[in-house]
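Structure record follows, encoded as C-alpha cells.
The numbers here are math on the coordinates, done by the rules we state, and not lab data. A quick note: this is a predicted structure, and the numbers were derived from the prediction, not measured. Positions of Cβ are backbone-derived with ideal geometry, glycine not excepted, and every protein chain shown enters the neighbour counts.
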C-alpha cells in the first residue's frame, strides 16, 4: 500500500527529458548555478563512473580531468531541478563493470579511456 502511494507521488517529479545513458558514457551535464541574485549555466563534461538508486532517488557519479590533471567527481541526482540538460557525447561500447572505480587509479588520458 505504501509503495503505491510513494510511486504516485514520485511520478510527478520525474524529469522525462533526460536521455538513457549507461556507465562508461561521456556526458555533458548543464547545471543551473545561482550566485546571489545572478543565475548562469555551467557545463560539466566527464565519464559516468556509476549509477545507483531508482525513481526520484536515482543518482550518478561523473568524473572529469580538470586543468593541471586534477580529477573532479560530482555525484548528481538525476531528477534534480538544477540539471537543465544532459547530452551524450560518446557511448561506451564494451563495459563489463557496474562501477568504474578503477579509472580513479589512472593518470592522464587513460583516466578517460573506456572501450
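Tabulated results
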{"quantity": "Qualifying residue in region 15-27 (condition: more than 15 Å from residue 90 (Cβ to Cβ) and either in a strand (DSSP E or B) or touching a helix residue (DSSP H, G or I) at 6+ places or on another chain (Cβ under 8 Å) (or both))", "calculated": "no"}
{"quantity": "Condition check for residue 99: in contact with a strand residue (DSSP E or B) (Cβ under 7 Å, 6 or more places away or on another chain), touching a residue at least 12 places away in the same chain (Cβ under 8 Å), in a loop (DSSP other than H, G, I, E, B) and closer than 20 Å to residue 20 by Cβ", "calculated": "yes"}
{"quantity": "Breaking point among (1) within 30 Å of residue 9 (Cα to Cα); (2) surrounded by 12 or more Cβ atoms within 10 Å (Cβ to Cβ); (3) in contact with a strand residue (DSSP E or B) (Cβ under 8 Å, 6 or more places away or on another chain); (4) touching a residue at least 24 places away in the same chain (Cβ under 8 Å), for residue 58", "calculated": "(4)"}
{"quantity": "Residues within region 52-70 that are more than 18 Å from residue 31 (Cα to Cα) and assigned to a strand (DSSP E or B), tallied", "calculated": "1"}
{"quantity": "Selection from region 28-38 of residues that are part of a loop (DSSP other than H, G, I, E, B) and on the phi < 0 side of the Ramachandran plot", "calculated": "37"}
{"quantity": "Single unsatisfied condition, residue 73 versus (1) without any contact (Cβ under 8 Å) to a residue 40 or more places away in the chain; (2) within 13 Å of residue 26 (Cβ to Cβ); (3) in a strand (DSSP E or B)", "calculated": "(2)"}
{"quantity": "Extreme residue, surrounded by the fewest Cβ atoms within 10 Å (Cβ to Cβ), among residues of region 76-111 that are closer than 21 Å to residue 31 by Cα and touching a helix residue (DSSP H, G or I) at 6+ places or on another chain (Cβ under 8 Å)", "calculated": "77"}
{"quantity": "Residue in region 27-52 that is surrounded by the fewest Cβ atoms within 10 Å (Cβ to Cβ), counting only those that are more than 20 Å from residue 85 (Cβ to Cβ) and in contact (Cβ under 8 Å) with a residue 24 or more places away in the chain", "calculated": "50"}
